Each structure stands twice: as structure tokens, then as C-alpha cells.
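Heads up: the structure comes next, in C-alpha cells.
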């Protein structure tokens with residue numbers, strides 16, 4: 001029997017039938033059940049579909065179903081539906097692992113779009129499990145690089161795809177996006193995971209000791225060199241070298257680094273004996289290295305040698321839909337570090353955090369989470385302020401959706417194709433939403 005792509009759970013027959021028909025018209029295979037208990041009989045760790053469940057049902061409700069599904073397989077996407085404008089319940093559902101939350105009444109296209117994105121995510125999860133099983137290992141990349149935006153799904157997929165190779169990798173992105181986090185994740189799921197991971201801050205190398213720090217030296221190689229010393233390259237043998245902010249490396253040192261990367265051999269200062277190295281090089285940069293090459297500040301041959309594989313870590317402005325999930329995770333981590341009770345921020349805090357621009361990206365958001373856990377609130381937001389009265393969940397979600405689309409338009413300079421591809425919606429749906437929210441692409445061109 002063919003497994004359904006959507007398991008529909010609702011105790012109201014009319015709503016269940018109409019929802020099923022709209023999903024089938026959109027091309028999904030749907031199986032409907034009348035209770036959460038019946039749904040649990042059909043969910044297994046290998047379930048390839050998604051759950052669409054009413055949240056208010058007799059017996060076991062949707063929130064309890066969500067908890068039990070996560071006990072079976074935490075990666076099965078669950079979309080919860082309610083007719084009650086309860087924003088607190090929406091926040092709780094997202095915190096407890098719901099893939100998405102949708103309020104009645106909703107259009108068939110709206111639900112179909114959410115289901116399509118959830119199925120894409122489920123497909124990637126199952127594919128990655130097969131790859132990890134083939135490699136005999138598990139990983140926690142989703143925890144380190146959370147987010148359900150297409151940009152983050154693509155990043156995790158590409159990172160896993162290259163991790164099992166020895167290809168050198170260039171990781172690019174704005175300040176604070178998590179480039180070093182991505183580099184460490186790459187190392188930890190590679191065959192070199194049990195070997196050293198050595199970070200070299202290219203912007204902070206002491207000029208008078210650069211070569212000694214990197215290549216090491218023999219005793220007597222220069223005044224003060226009393227004994228032989230390993231350099232960072234040699235210390236990292238069989239492991240991974242992270243060249244952090246490589247665009248800041250002096251030009252004369254770039255030539256020597258190029259030789260090391262090409263030959264995987266070093267010579268200590270004061271010695272003529274070559275030392276072979278088995279290393280992987282990962283470099284990060286927040287500046288555009290192609291522009292640096294054009295300006296004569298970075299060697300073209302080194303750039304092309306490092307640029308075997310490029311991973312781009314997106315800024316928060318380009319994945320605003322990830323902000324609530326990320327903020328809640330950072331709150332849990334901060335509570336653990338500071339030995340505080342886990343917090344459940346009110347909905348207006350989540351909404352304000354989602355709307356705000358975070359130029360410092362994840363680093364800035366993490367600092368805000370730390371301050372919130374310590375009881376210091378968030379700059380510019382009164383932690384004691386209540387929610388604005390008279391605003392329904394639908395209006396709150398509409399404001400959020402508008403801000404996500406506006407941010408994506410800004411990130412892509414008003415170009416529509418990358419926007420609807422990134423957001424996982426059709427071109428027609430994007431046009432409709434832009435008209436509804438009075439968004440003009442010309443307002444977001446460079």
C-alpha cells in the first residue's frame with residue numbers, strides 16, 4: 001500500500017473532507033483519521049509524510065499528539081490547525097517542535113504551500129539519515145545550524161555532502177552569522193573528527209612571529225628560540241585548519257600559505273627538512289574575496305585554490321522566518337549556561353524579536369537571549385509590556401509574513417524568482433501576497 005504524503009487528523013467530518021479534497025487537488029496523497037490515537041498507529045520513525053492535525057479534539061488533543069509524535073521521530077513535520085485565535089498556543093506549539101501553525105479559516109493554497117515545504121524538509125531528513133547510516137555515524141548539524149528556511153536547508157545539505165570528502169572549503173557570510181560554527185560542524189562529521197581542529201585568526205597574527213606561529217622553528221633559528229617548537233600547521237596534522245577571516249592575512253604570508261595548501265608540506269624555520277602534512281583547510285571570510293582580488297589585496301591563485309567548495313551562511317535578514325525558532329533555542333542554551341529556569345517568553349516578545357533587524361546576526365541575537373535570561377530584558381523592548389490589545393493571531397501572522405517577504409525582497413534586490421524559490425511558494429502566490437501587503441519590488445532594488 002502506498003504511504004500517504006499527508007496524514008490528516010480531524011474529528012469534524014465536514015472539515016476533514018473539504019481539507020482532504022483541497023490537498024488532493026494540489027497533488028498530495030492524503031489519508032484521513034478521526035482521532036489522534038488512530039494517527040499514532042500510522043506514524044513510524046520512517047514515516048515519509050507530514051501530519052496535519054486539528055489542535056482542539058476530544059480525547060487526545062493536537063498538542064499531546066505532537067509530543068507523542070516527537071517521541072517516535074522528532075523530525076516528522078507536524079502542522080497544527082486551530083480555530084481559536086490563541087497566539088500563546090501558537091508560540092507553545094512552535095517551541096515544542098511543531099513545523100508550522102495555521103489558523104482557520106485558511107485557503108487550500110495556503111495549506112498546500114506549507115505542506116509542500118514540510119514534505120521537502122522531510123525528504124531531506126530521510127535522505128540524510130540514509131547517508132549517515134551508510135557512513136556509520138549520526139550528527140547534530142540541525143542543532144548547530146537550526147532553521148527551516150530553504151537557505152538553511154540547502155546549507156546543511158551542502159555541508160553534509162562535502163564533509164565526507166577532503167575538499168578544502170571556503171565559508172562566506174556577514175559578521176556574526178555562524179561561519180565558525182559551520183566550520184566546526186564540518187570537521188565534526190568528517191573522517192577527521194577525532195583529530196585536532198586548529199583555529200588561526202588571520203587578523204590577529206603577530207607580525208614578528210607569524211612564520212614561527214604557523215610553521216614552527218628549530219632551536220637557534222632566531223634569537224630567543226631556545227628549543228624546537230611545533231607550529232600550528234604541524235600541530236593540526238591529520239585534522240582541520242580553520243583560517244578565520246583569511247581576507248585579513250598579509251599578502252607576503254598568502255604566498256607561503258598557497259605553497260602549503262598546494263604541496264601539503266612545511267619547513268620549520270631554521271631547517272631544510274620538509275615535513276609532510278595530511279590536513280584539510282577551511283577558510284572563512286566576511287569580505288568579498290573576488291573584490292579583494294580585483295583590488296590587489298588578495299592573491300588570485302590563493303582564492304581559486306581555496307574556492308574548491310563555497311558554503312554561504314545566510315544573514316538573519318534573509319531568513320527571518322528562522323528567528324523565532326533560533327531565539328527559543330538560544331534561550332534554552334542561555335538558561336543552561338547560567339543555571340536558570342527555562343523561560344517561556346510571551347508572544348509579544350517573540351513577535352518583537354522577529355520583526356527586529358539583527359545586523360549582528362546570530363551573535364547579536366545570542367547576546368539578546370543571554371540578557372533576557374538574566375532578567376535584563378531586550379534593548380528597546382519593555383519586558384513588562386503587555387501585548388497590544390485587539391490584534392488577532394491572524395493579523396499578527398500577517399504582519400510577520402509581510403516582514404519575511406519584505407526582507408527577502410530586500411535581500412535579493414527586488415528580484416522575484418529567488419524570493420519565491422527561497423520562500424518555497426509559487427510565483428502566483430508571491431504576487432498575490434505582495435498585492436495584499438502592498439509591497440512593491442521597486443522599493444527594494446539597489
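The values are calculated or read from the model by the stated rules, or taken from the named source; none is laboratory data. These numbers come from a predicted model, not from an experiment. Cβ coordinates were reconstructed from backbone atoms using ideal geometry, including for glycine residues, and neighbour counts include every protein chain displayed.
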>> For residue 101, only one of the following conditions fails: (1) surrounded by 16 or more Cβ atoms within 10 Å (Cβ to Cβ); (2) closer than 30 Å to residue 289 by Cα; (3) at pLDDT below 90. What is its number?
In response: (2)
> Could you list, in sequence order, the residues of the stretch 306-317 that are in contact with a helix residue (DSSP H, G or I) (Cβ under 6 Å, 6 or more places away or on another chain) and assigned to a helix (DSSP H, G or I)?
Replying inline: 316, 317
>> Which count do you get for residues in the stretch 46-63 that are loosely packed, with under 15 Cβ neighbours inside 10 Å and under 18 Å from residue 100 (Cα atoms)?
In response: 1
> Going through the stretch 420-430 one residue at a time, which ones are in contact with a helix residue (DSSP H, G or I) (Cβ under 8 Å, 6 or more places away or on another chain) and farther than 13 Å from residue 402 by Cβ?
Replying inline: 420, 421, 422, 424, 425, 426, 427, 429
>> Can you confirm whether residue 92 is surrounded by fewer than 18 Cβ atoms within 10 Å (Cβ to Cβ) and at negative phi?
In response: yes
> Pick from 120, 75, 86: which is modelled with pLDDT under 75, closer than 29 Å to residue 36 by Cα and surrounded by fewer than 21 Cβ atoms within 10 Å (Cβ to Cβ)?
Replying inline: 86
> Which one of these is under 20 Å from residue 173 (Cα atoms) and in contact with a helix residue (DSSP H, G or I) (Cβ under 7 Å, 6 or more places away or on another chain): 200, 189, 210?
Replying inline: 200
> Do we have residue 43 as closer than 22 Å to residue 101 by Cβ, modelled with pLDDT under 90 and in contact with a helix residue (DSSP H, G or I) (Cβ under 8 Å, 6 or more places away or on another chain) here?
Replying inline: yes
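Residues checked against (1) in the same structural domain as residue 188 (by TED's automatic domain parsing); (2) in a loop (DSSP other than H, G, I, E, B); (3) buried (at least 17 other Cβ atoms within 10 Å of the Cβ):
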residue	(1), (2), (3)
284	yes, no, yes
291	yes, no, no
297	yes, yes, no
304	yes, no, no
334	no, no, yes
341	no, yes, no
344	no, yes, no
349	no, no, yes
354	no, no, yes
>> Name the residue that is surrounded by the most Cβ atoms within 10 Å (Cβ to Cβ), counting only residues in the stretch 1-33 that are assigned to a loop (DSSP other than H, G, I, E, B), out of contact with any strand residue (DSSP E or B) (no Cβ under 8 Å at 6 or more places or on another chain) and at pLDDT 85 or above.
In response: 26
> List, please: which pairs have Cβ atoms under 9 Å, are six or more places apart or on different chains, and start with a residue in the stretch 250-271 that is assigned by TED's automatic domain parsing to the domain that holds residue 236 and free of Cβ contacts under 8 Å to residues at least 24 places away in the same chain and end with one that is surrounded by fewer than 16 Cβ atoms within 10 Å (Cβ to Cβ) and not in a strand (DSSP E or B)?
Replying inline: 264/278; 265/259
>> So in the stretch 412-435, with the set limited to residues that are assigned to a helix (DSSP H, G or I) and in contact (Cβ under 8 Å) with a residue 40 or more places away in the chain, which one is surrounded by the fewest Cβ atoms within 10 Å (Cβ to Cβ)?
In response: 421
